[in-house]
Amino acid sequence: MMTKWDINVIVEEYADTITRICYSYGKNYDDTQDIMQNVFLKLMRANPEFDSKEHEKAWIIRVTINECKDFLKNIFRRHTSLEEAQEIPIEEKEDLSYIREAVLKLPDKYKSVIYLFYYEGYTAVEIAGILHKKENTVYTWMNRARQMLKDMVGGDVE
Amino acid sequence: MSRKIRDAFDSVKADEQMKEKTKETLIAQLDSCSKRRFYQRPVFYRTLAGALLLVLVFAGSMRAYEIKAEAAYITMEGPVEIGLSVNGKETVISAEGLNEDGESIISQVDVTGMHYQEALQAIMETDSYQECQGDKAKVKVSCHDDEQEADMQQSANEACHSYGQQYREHHSREHDTETEGHREKHSGQGNGKHDEKSRGDQSEESQENQQSSHSSGDSDYENTEHGHRNGHHGE
């Protein structure tokens, strides 16, 4: 059973990761908040035993990706229209919105791989474990995603 | 490019408002969980189901013990010796012959599952028992509970008494019928023989009378003897 202190710690630790994954799936502010609450509620109810911090993080990422996919199915439950939807606020020194937009344009399966590989720094084997896919599938998706990004933004995507 | 992708996503962060709202929702959920009454929790129902199961198992085993366990032992004494094991419900759970006659009767009548009074009656009603035992039946009850023993002994004594009475009534009636039948048979048979014999004697007498002029005192003796015999048959 979690305590209030545990909740504070875990929200501070994983809120940004969940928000980034939601963003990569094109979610707005309200959806991101709903997904974040669902992920943490699942963690509270399941209360799984993790071998390490890395294991815990992988569990959170996996559940967040599933929630993002499931949220599309429940899109009719939205209370706010797409026009009213508030975007996730982004503060940056250098304008890298074109990179984010390029990633957002990728198919869902490719954007997960790109995010996990480039931002979270997971290897192809680890990504295969998180997404429950074969290693070769992950390599194939990564090559295709790189090629698509290269076509969209130009330059070397290595 | 990899740095750019990392930087591009690094600037995407959850704002403090989102974090605080998430924390509030989770803490509220945590409080409502801890405030849930005990009987609303699955553990309550599991414990309740477990307790009920234990009670059922205990009651079942007690009932099985009551049915299977021997509470009293009834010994039918006398020429015929039979032992009956009786459970707490006063039902015969097993019967054994304690001597040869007893074994023979037990092989004829199955009293297992009967109430002990019915079992005693069933045994006493068998011809073998009545032939061997006569009008005196004796039954002894042994029981852990003195009060139950006294009750059962009284019932058994009543059964013995009733058996004795019935036996005597039955046999006196049988004896009367037999005597009457014997008398009828005897009288009917006697007349027939007497007539036949008297007819034979008369012919013999006439023959003897014809020879009487030549006979000595022996014939008188014979006549006297025949006359005595006839007189005896006439009685």
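Between their Cα atoms, which of A:K4/B:K13; A:K69/B:K23; B:K68/B:K89; A:K105/B:K21; A:K4/A:K42; A:K69/B:K13 are more than 18 Å away from each other? Violating the 18 Å limit, Cα to Cα: A:K4/B:K13; A:K69/B:K23; A:K105/B:K21; A:K69/B:K13. Computed 3J(HN,Hα) for the stretch A:118-133, one whole-Hz value per residue from the Karplus formula 6.51 cos²θ - 1.76 cosθ + 1.60 where θ = phi - 60°, is 7, 8, 7, x, 6, 7, 4, 5, 5, 5, 4, x, 5, 8, 6, 10, glycine and proline marked x. A Förster distance of 56 Å, applied to the separation of the beta-carbon atoms of A:N143 and B:S61, puts the FRET efficiency at 0.20.
Each of the peptides B:51-60, A:15-24, B:19-28 was scored by the mean count of other Cβ atoms within 10 Å over its residues; in descending order, highest first, they stand as A:15-24, B:19-28, B:51-60. Annotation for B:Q165 and A:H132: the two label points, set 7 Å from Cα along the Cα-Cβ direction, are 8.6 nm apart. When only the Cβ of Lys, Arg, Asp and Glu is charged (+1, +1, -1, -1), the dipole of the stretch B:1-102 relative to its Cα centre reaches about 1740 debye. Taking A:R100, B:R6 and ordering them by how much accessible surface each has at a 1.4 Å probe, largest first, produces B:R6, A:R100. Counting only protein chain heavy atoms and rolling a 1.4 Å probe, the accessible areas of A:K4, B:K138 rank, largest first, as B:K138, A:K4. A simple rule links phi to the HN-Hα coupling: the Karplus curve 6.51 cos²θ - 1.76 cosθ + 1.60 with θ = phi - 60°, which for the stretch B:8-19 gives 4, 7, 5, 7, 8, 9, 6, 7, 4, 4, 5, 5 Hz, with x for Gly and Pro. Between B:K89 and A:K53, the distance separating the two model label sites (each 7 Å from Cα on the Cα→Cβ line) works out to 7.0 nm.
The values are calculated or read from the model by the stated rules, or taken from the named source; none is laboratory data. Given the structure is predicted, the values throughout are model-derived calculations rather than measurements. With ideal geometry, Cβ positions are generated from the backbone for all residues, glycine too; neighbour counts draw on all protein chains shown. Accessible surface areas use protein heavy atoms only, side chains included; no ligands, DNA or RNA. Shrake-Rupley method; radii C 1.70, N 1.55, O 1.52, S 1.80 Å.
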